[in-house]
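In what follows, a single structure is set out as structure tokens and then discussed.
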Amino acid sequence: MRILRKKSVLLVLFLGFMFVLFVQSQWLGRWMYPIHFEDSIREHAAKQDLDPLLVAAIIRVETNYEVGRESRKGAIGMMQLMPTTADWAMKQMKLRKLWTIDELRREADPNIQIGTWYLRSLIKQYDNNTVAAVAAYNAGPGNVSEWLRSNKWDGTLESAKQQIPFNETKLYVQRVFHYYEKYKRVYGA
């Protein structure tokens, strides 16, 4: 009986060790937190001087890499661009080819190109405050500017949960930075 108990304890310890080893593995992390369209994300993030892992986190929260998505509010594609924002961004970017709304909805690469440019413009607008820019990506820059101007929110991640007035946006900011941290752990940054 005593030998059986020792073997059981050793088996439990061995299985526990294997589980920890498995959970900490790079393979499991990449399986749990995949980055689809990685080449396109890296290319367009680099052009905008953005961390591709932040872009990936935004895409993960927005659509979980599902091409062709359209929100109830009309946001399109993987990065959930509002058509008016996409049109404005393409004009600001002075693109030789202006993408149609349908192309932005169905094709990952142009959606990522426009989305990363728009994210960079928000980061510039908020003096490199990435948290405020991410909030503006969800709630719109008019809302975020008003929150900051009226001291409803101080623009930090630490206060986002308590101070951001829109529940959707406070959850969005928390989720984006949650996945951003996960991606940094798995893919290194």
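How large is the direction-averaged shadow of the alpha-carbon convex hull of the chain, in nm²? Provide the component values of the computation, followed by the final result.
Values: hull surface 55.7 nm².
Quarter of the Cα hull surface area: 13.9 nm².
PRE reach from Arg30 (point 7 Å along Cα→Cβ): which of region 39-65 fall under 16 Å by backbone N?
Counting backbone N atoms under 16 Å from the label point, the list is 39-40, 42, 53.
Within 11 Å, Cβ to Cβ, of Ala57, how many net charges do the neighbouring residues add up to if Lys/Arg are +1 and Asp/Glu are -1? Write out the running numbers ahead of the final one.
Numbers: positive: Arg60, Arg175, Lys182, Lys184; negative: Asp51, Glu62, Glu181.
Result for the neighbourhood of Ala57: +1.
Which helices of the chain meet both criteria: a Cα extent of 24 Å or more along the helical axis and a mean Kyte-Doolittle score no lower than -1.0, with helices taken as whole DSSP H segments? Could the numbers behind the result be given before it?
Numbers: long enough: 2-23 (31 Å, 1.78); 108-125 (25 Å, -0.29); 167-187 (29 Å, -1.23).
The answer, listed by residue number, is 2-23, 108-125.
Could you do me a favour and compute the accessible area per residue for the chain, 1.4 Å probe, result in Å²? Mind dumping the intermediate values first?
Working: 11250 Å² over 189 residues.
Accessible area per residue: 60 Å².
Report, to two decimal places, the Cα Rg of region 54-141 normalised by 2.2 N^0.38 Å (N = number of residues).
0.99
P(r) tail for region 109-163, what percent of Cα pairs lie past 19 Å? List each step's numbers first, then the result.
Details: 363 of 1485 pairs.
Summing the P(r) of region 109-163 above 19 Å gives 24 percent of all pairs.
Over all directions, average the projected area of the Cα convex hull of region 94-189 and note it in nm². Write down the numbers at each step before the final one.
Values: hull surface 30.4 nm².
Average projection, Cα convex hull of region 94-189: 7.6 nm².
I'd like the FRET efficiency for Glu66 and Lys161, computed as 1/(1 + (r/R0)^6) with the beta carbon distance as r and R0 of 45 Å, rounded to 0.05. Walk me through the intermediate numbers first.
On the way: r = 27 Å, r/R0 = 0.60.
So the FRET efficiency works out to roughly 0.95.
So what is the relative contact order for region 50-189, in percent, with contacts set as C-alpha pairs under 8 Å and at least six apart? Walk me through the intermediate numbers first.
Details: 159 pairs, mean separation 31.1, N = 140.
Reported as a whole number, the value is 22 percent.
Using only helices, what value at 222 nm comes out for the chain when you add -39,500 (n - 2.57) per DSSP H run of length 4 or more and divide by the total residues, to the nearest 500 deg cm²/dmol? Before the final figure, lay out the partial values.
Details: 11 runs with 133 residues, N = 189.
After summing the helix terms and dividing by residue count, I get -22000 deg cm²/dmol.
Go ahead and set up a Gaussian network model of the chain, Cα springs under 10 Å, then flag whichever of Leu119, Leu11, Leu53 fluctuates most.
Per the Cα network of the chain with a 10 Å cutoff, Leu11 tops the list.
Please report how many Lys pairs in the chain have alpha carbons closer than 16 angstrom, counting only residues at least 8 apart along the chain or sitting on separate chains. Kindly include the intermediate steps, with their values, before the conclusion.
On the way: Lys47/Lys94; Lys47/Lys124; Lys152/Lys161; Lys152/Lys170; Lys161/Lys170.
Pairs that pass both the separation and distance tests number 5.
Taking the highest mean first, how do the peptides 175-181, 76-82 order by number of other beta carbon atoms within 10 angstrom per residue? Don't skip to the answer; put the middle values down first.
Working: 175-181: 18.0, 76-82: 24.0.
Going from most to least packed, we get 76-82, 175-181.
The values are calculated or read from the model by the stated rules, or taken from the named source; none is laboratory data. This structure is a prediction, so every number in the text was calculated from the model and none was measured. We place every Cβ from the backbone using ideal geometry, glycine too, and count neighbours over all the protein chains shown. Only protein heavy atoms, including side chains, enter the accessible area calculation; ligands, DNA and RNA are left aside. Shrake-Rupley method; radii C 1.70, N 1.55, O 1.52, S 1.80 Å.
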